[in-house]
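The structure appears right after this line, and notes come after that.
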Amino acid sequence: MSWIQTYTGRMFWPMDPRADDLDIRDIAHSLALQCRFNGHCREFYSVAEHCVRVSRILPPELAAWGLLHDAAEAYLSDLPRPVKQSLPAFGEAEQRLLKVVAGRFGLAWPVPQAVWQADDVLLATEARDLMAPPPRAWQVSVRPLTERIVPVSSGQAEEMFLACWALHSTAADAR
């Protein structure tokens, strides 16, 4: 079988993605049910909440990209960075899917570097707030946010994600 069924009941071909098959509700729902750090954080913290937090620290013109920077994970799942770096074919599939996401949702390609920098700021913040003390320092060269993360439920994260999308997609349409 070369396709997966999504939350909304669509057929989706992860290795041959098509823009018309993408649905923001599928992305929000899937990411809300996926735990960051391969589930190794102290409590459940969803990829959807992470994405909302990334979008909030970016300027308005990049906020939609901040929200969707991990959208490929809704269809491919995620792999921890060290594993992903050792599997180039996975990275290529992820980039191919992200490019389709960009086209579907009217985002400039490639993902702006500022989005990856904001992602690293969240990574540093999440390491501080959600993980056990590390045996050695993480290789993250940015400072965490001063705000502490208190994770929300998966249902709340999905609602936050969709509300954030509504806000930023409306703003993008107005431009």
Pick from segment 45-57 the residues that are of a type outside the set (D, E, K, R) and either assigned to a helix (DSSP H, G or I) or open to solvent by 20 Å² or more (accessible area, probe 1.4 Å) (or both): which of them is farthest from GLU159 (Cα to Cα)?
ILE57
Taking segment 75-86 on its own, how many of its residues are aliphatic (A, V, I, L, M) and loosely packed, with under 13 Cβ neighbours inside 10 Å?
1
Output yes when any residue across segment 113-124 is closer than 25 Å to PRO14 by Cα and among the hydrophobic types (A, V, I, L, M, F, W, C), and no when none is.
yes
Tell me, yes or no, whether segment 42-55 has at least one residue that is modelled with pLDDT of 95 or more and touching a His at 6+ places or on another chain (Cβ under 6 Å).
no
Residue satisfying all of: in segment 94-108; among the aliphatic types (A, V, I, L, M) and in a helix (DSSP H, G or I); most open to solvent (accessible area, probe 1.4 Å) among these
VAL100
So which of ARG42, ARG36, ARG18, ARG25 ends up being among the basic types (Lys, Arg) and either free of Cβ contacts under 8 Å to residues at least 24 places away in the same chain or open to solvent by less than 60 Å² (accessible area, probe 1.4 Å) (or both)?
ARG36
Being open to solvent by 70 Å² or more (accessible area, probe 1.4 Å) and in a loop (DSSP other than H, G, I, E, B) is the filter here; which residues of segment 109-125 pass it?
TRP109, PRO110
Look at ALA74 and say whether it is closer than 21 Å to ALA166 by Cβ, small (Gly, Ala, Ser) and in a helix (DSSP H, G or I).
yes
Those residues that are surrounded by fewer than 16 Cβ atoms within 10 Å (Cβ to Cβ) and modelled with pLDDT of 95 or more, I need them from segment 132-158; list them, please.
THR146, GLU147, ARG148, VAL150, SER153, GLY155, GLN156
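The values are calculated or read from the model by the stated rules, or taken from the named source; none is laboratory data. Bear in mind the structure is a predicted one, so any value in this text is a computation, not a measurement. All Cβ positions, glycine included, derive from the backbone under ideal geometry; neighbour counts span all protein chains shown. Only protein heavy atoms, including side chains, enter the accessible area calculation; ligands, DNA and RNA are left aside. Shrake-Rupley method; radii C 1.70, N 1.55, O 1.52, S 1.80 Å.
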